[in-house]
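Trainee: Supplied in structure tokens, the structure appears directly below.
The values are calculated or read from the model by the stated rules, or taken from the named source; none is laboratory data. Just so we're clear, the structure is a prediction, and the values are computed from it rather than from any experiment. Using ideal geometry, Cβ is built from the backbone for each residue, glycine included, and neighbour counts are taken over all protein chains shown.
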Amino acid sequence: MKTRQSASQSIPKPVKTYFPAFLDLSRRRVVVVGGGKVAERKISSLLKTGAFLTVISPEITKKIRKEKDAGRLT
């Protein structure tokens, strides 16, 4: 008796590969697109690098607004 293979068994899944990058962002212009919780975490990390941050988003979280009001990003 012949068994039938499902589509998920016959197609190999792609292997995730990561490209590590260490960048000196001090005094560099960096753009963050989005103003939600994910952007909030990225902004928090990027501010520690000394980068000049610009956030592009129609809405931003309270924490991002606080950083903007303090003049740490535009």
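Trainee: Is there any pair with a first residue in region 24-36 that is over 11 Å from Ile60 (Cα atoms) and a second that is at pLDDT 95 or above and among the β-branched types (Val, Ile, Thr) whose Cβ atoms are under 7 Å apart and which are 6 or more apart or on different chains, and what are they?
Mentor: Leu25/Thr49; Ser26/Thr49; Arg29/Thr54; Val31/Thr54; Val31/Ile56; Val32/Ile43; Val32/Val55
Trainee: Filter region 35-51 down to the residues that are more than 15 Å from Asp24 (Cα to Cα) and of a type in the set (A, V, I, L, M) and list them by number.
Mentor: Here is the first cut: in region 35-51, the ones more than 15 Å from Asp24 (Cα to Cα) are 35-44.
The answer is Val38, Ala39, Ile43.
Trainee: Another question, if that's okay. Please return the ranges of helices (runs of 4 or more DSSP H) entirely within the chain where 2 or more residues are modelled with pLDDT of 95 or more.
Mentor: On the way: elements: 7-10, 37-47, 62-69.
Helices (runs of 4 or more DSSP H) meeting the threshold: 37-47, 62-69.
Trainee: I've got another one for you. Go through (1) of a type in the set (S, T, N, Q); (2) surrounded by 12 or more Cβ atoms within 10 Å (Cβ to Cβ); (3) out of contact with any Lys or Arg (no Cβ under 9 Å at 6 or more places or on another chain) one by one and return the number of the condition Thr61 breaks.
Mentor: Here Thr61 clears every test but (3).
Trainee: For Pro20, which of the numbered conditions (1) touching a residue at least 12 places away in the same chain (Cβ under 8 Å); (2) surrounded by fewer than 14 Cβ atoms within 10 Å (Cβ to Cβ) fails to hold?
Mentor: (1)
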